[in-house]
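The structure appears below as structure tokens.
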Amino acid sequence: MTRIRRRWWIPGILLILVVVLVLGGFLTSRARCWQWVGTPVCRVETSEKIVALTFDDGPTPEGVDYFLQTLTPEGTKATFFLTGADLVADPGQARRLVAAGHQIANHSYRHERMWGLFPDAYEGDIRDTDALLRREGGDAALLFRPPYGKKLTGLPIALARTGHRTIMWDIEDPETSDPKAFSDQVLKQVRPGSIILIHAMYRRRDTARRALPLILTGLKDRGYRAVTMSELLRLEQPGTN
Ligand SMILES: [Zn+2]
């Protein structure tokens, strides 16, 4: 009896260890405001009523049309995290965003989950996208948002090597198909220094697209100003990140 128990003891412990490691890896890979190497920015500590509106994916010509029509009348400057593949597919679109005063930044080349590989596997992807952003008139801010917010150790090390800061968020698209509820939920969470993530580049993101004008009005009514990510980062207190 004892022998049988002993035989099962070691594999049992090993199984538990594997489960803990896999679960721990999974949870830390999706942690928003923490990572193994470096410190991701998910909000800037400030008392000023300033936020950053950030939009992921693309660019697509139709999406850029939408953003320019929606943001320009309000004078809002935003930050667009774009993928290398889409920059190649539609050259000149990111440049239109830059020309309107928006910031463009790195959202990887292929938009894959970047958490299972060594840093070397990610460096080329990051640098290739940087080169495309520069070609579109992007600045030298070197900001990166991980696709799906996923990262473990390889990506943060690659980002440290390439000089990027990881930009996450503290508010993201609420799960609702009602634009008013979408807007209300975003506005309810807003506080000074918030980084708001909205997916509205593609036509299928109809709820977000219809919510955005309501969010812009709501921010203004509450005395908030939306600035680019780099402008928001200027408010950082030394030592907070
Ligand atoms: Zn994305």
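The values are calculated or read from the model by the stated rules, or taken from the named source; none is laboratory data. Just so it is clear, the structure is predicted and the values come from calculations on it, not from any experiment. So basically every Cβ, Gly included, is an ideal-geometry build from the backbone, and we count neighbours across all protein chains shown. Side chains are part of the model used for accessible areas, which takes the heavy atoms of the whole protein and leaves out ligands, DNA and RNA. Shrake-Rupley method; radii C 1.70, N 1.55, O 1.52, S 1.80 Å.
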* Going highest first, how would you order 97-104, 208-215 by mean Cβ packing within 10 Å? -> 208-215, 97-104
* Using θ = phi - 60° and the Karplus relation 6.51 cos²θ - 1.76 cosθ + 1.60, list the HN-Hα couplings for the stretch 79-93 in order, rounded to whole Hz, with x at every Gly or Pro. => 10, 10, 8, 10, 9, x, 4, 6, 5, 6, 5, 10, x, x, 6
* Asked: So how tilted is helix 206-221 from the main axis of the chain? Cα-based, degrees 0 to 90, rounded to 10.
  -> 70
* Nearest 10 degrees, 0 to 90: what angle lies between the long axis of helix 61-71 and the longest principal axis of the chain (Cα atoms)? -> 70
* Quick one: accessible surface of Met229, probe radius 1.4 Å, all protein chains present, in square angstrom to the nearest 10. => 0
* Simple Cβ-charge dipole of the chain, Lys/Arg +1 and Asp/Glu -1, about Cα centre, in debye nearest 20 -> 980
* Structure fact -> Between the Cα axis of helix 2-29 and the main Cα principal axis of the chain, the angle (0 to 90°, nearest 10) is 10
* Compactness index (Cα Rg / 2.2 N^0.38 Å), the stretch 50-233 -> 0.98
* To do: Round to a whole angstrom and tell me the spacing of the C-alpha centers of the stretch 48-115 and the stretch 150-179.
  => 15
* To do: Enumerate the amide H contacts of Ile50 below 5 Å, restricted to partners 5 or more residues apart or on another chain; note that Pro and chain-start residues carry no placed amide H.
  => Gly193, Arg225
* Measure off, as a whole percent, the carbon and sulfur share of the 1.4 Å-probe accessible area of the stretch 50-233, all protein chains present. => 50
* Structure fact -> Rounded to 0.05, the calculated FRET efficiency for the beta carbons of Thr72 and Arg127 at R₀ = 22 Å is 0.10
* To do: With a 1.4 Å probe and all protein chains in place, put Glu236, Glu45, Glu175 in order of accessible area, largest first.
  => Glu175, Glu45, Glu236
* Structure fact -> Connecting every pair of Cα atoms under 10 Å apart in the chain and solving the GNM, the largest mean-square fluctuation among Val19, Val186, Val64 falls on Val19
* Under the Karplus curve 6.51 cos²θ - 1.76 cosθ + 1.60, θ = phi - 60°, whole-Hz ³J(HN,Hα) for the stretch 146-153, x wherever Gly or Pro sits -> x, x, 6, x, 8, 6, 10, 10
* State the number of lysine pairs found in the chain whose Cα atoms come within less than 25 Å, restricting to pairs 8 or more positions apart or on distinct chains. => 10
* Length gained when the stretch Ala99-Trp8 is fully extended (0.36 nm per residue, less Cα-Cα span) -> 26.2 nm
